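Here's the structure we're looking at; comments come further down.
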Amino acid sequence: MKRLPIGILGSGKGSNCRAILERIRSGDLAAEARVVISDALDAPILDIAREFSVANAYLPPGQFRTRLEPEVENELVNMLREAGVELVVLAGFMRVLHARMLKAFPRRIINIHPALLPKFPGLEAWKQALAAGEAITGCTVHYVDHKIDHGEIIAQREVPVLSGDTPESLHARIQIAERELYPAAIAEFCARYQAGDL
Ligand code: GRF
């Protein structure tokens, strides 16, 4: 069976990465994780990659806080290409990608966001939804473009806001939904790849 070669980028805890790697290991997802890359040296997502025996790398991001230095972004493109990656999966990657990456992987970079976009882009989206008094929030898988949490929407999952929810309880419930939605969305790409339609 033809497996979709993916690369996962993340800056933090890696619960989405773990969910994806578990689905691959159990045979539910026809993908192959070629590499996990982080801009944070001590990010747990790198430990998860090692746990699953997936190639992994720390990419020193350079001097900027919210993006990669241009040479570093070039280096990232090279790393992903050398690994043969066909789909770039952002899983808690806290930097905005720019033209180099977007041109190298057109409609091949996806992200998951903890809100029903276009509502509540940006940081701590679950807190934003709670503060706005939403009855329903959720999570969104979308293509990455040059704006934060903005590209075309691929899939969404609703999560109810319960009375008595704290930011933590709501976030935890959204993350459970994320761990189902993201592998399911990636499975669609796998099917297209197998059909020669990616
Ligand atoms: C997720 O909640 C995702 O929506 C956001 O970053 C978080 C990453 O969490 N983009 P994790 O590292 O996958 O646990």
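Just to be sure I understand: of the beta bridges DSSP finds with both ends in the chain, what percent are antiparallel, rounded to 5?
About 40 percent, rounded to the nearest 5.
Starting from the amide H of Leu9, placed 1.01 Å from N in the peptide plane, find each other amide H under 5 Å away whose residue is 5 or more places distant or on another chain.
It is Ile37, Val89, Leu90, Ala91, by chain and number.
Return the whole-Å distance between the Cα centroid of the stretch 104-130 and the Cα centroid of the stretch 44-95.
So the separation of the two Cα centres works out to 19 Å.
Taking all protein chains together and a probe of 1.4 Å, list Met94, Met101, Met79, Met1 from the most accessible to the least accessible.
Of Met94, Met101, Met79, Met1, the descending order of accessible area is Met1, Met94, Met79, Met101.
Compute, for the stretch 122-174, the length of the dipole vector about the Cα centre, with Cβ point charges of +1 (Lys, Arg) and -1 (Asp, Glu) only. Units Debye, rounded to 20.
For the stretch 122-174, the charge dipole is close to 60 debye.
Got a sec to turn the phi values of the stretch 62-71 into Karplus ³J(HN,Hα) couplings, 6.51 cos²θ - 1.76 cosθ + 1.60 with θ = phi - 60°, whole Hz, x for Gly and Pro?
Once rounded to whole Hz, the list reads x, 7, 8, 8, 10, 8, 8, 4, x, 5.
Taking amide hydrogens as modeled 1.01 Å from N in the peptide plane, which residues meet the under 5 Å criterion relative to Gly151, leaving out close sequence neighbours?
Counting only residues 5 or more places away or on other chains, the set is Asp145.
Tell me which lysines have Cα within less than 21 Å of Lys13's Cα, excluding those fewer than 8 residues away on the same chain?
List returned: Lys127.
Quick one: pull the percent of accessible area on the chain belonging to carbon and sulfur, 1.4 Å probe, ligands and nucleic acids left out.
Ligands and nucleic acids excluded, carbon and sulfur give 52 percent.
Output needed: percent of Cα pairs per 10 Å distance bin for the chain, bins running from 0 to the one holding the longest distance.
The calculated distribution, bin by bin, is 9, 37, 37, 15, 2.
What number comes out for accessible area per residue over the chain if the probe is 1.4 Å? Units Å², please.
Computed with neighbouring chains in place, this is 48 Å² per residue.
If I build a Gaussian network model for the chain, linking alpha-carbon pairs within less than 10 angstrom, which residue out of Ile112, Ile153, Ile20 has the largest mean-square fluctuation?
So, out of Ile112, Ile153, Ile20, the one fluctuating most is Ile153.
How would Tyr182, Tyr143 line up by accessible area, probe 1.4 Å, largest first?
Tyr143, Tyr182
Determine, for each peptide in 190-196, 30-36, 102-108, the mean count of other beta carbons within 10 angstrom over its residues, then list the peptides with the highest first.
30-36, 102-108, 190-196
Residue by residue, what Karplus-based ³J(HN,Hα) values in Hz, rounded to whole numbers, does the stretch 186-197 have, using 6.51, -1.76 and 1.60 with θ = phi - 60° and x for Gly and Pro?
Rounded to whole hertz, the list is 5, 4, 5, 5, 4, 5, 5, 5, 5, 7, x, 10.
Search the structure for amide H atoms under 5 Å from the amide H of Asn56, placed 1.01 Å from N in the peptide plane, and list their residues when 5 or more places away or on another chain.
So Asn56 has HN proximity to Val36.
Taking the Cα centre as origin and putting +1 on Lys and Arg beta-carbons and -1 on Asp and Glu beta-carbons, what dipole magnitude results for the stretch 43-82, to the nearest 20 debye?
Here the size comes out at about 100 debye.
The values are calculated or read from the model by the stated rules, or taken from the named source; none is laboratory data. Everything numeric in this text was worked out from a predicted model, so none of it was measured. Note that each Cβ is placed from the backbone with ideal geometry, even for glycine, and that neighbours are counted across all protein chains shown. Heads up: the accessible areas ignore ligands, DNA and RNA and are worked out on the full protein's heavy atoms, side chains in. Shrake-Rupley method; radii C 1.70, N 1.55, O 1.52, S 1.80 Å.
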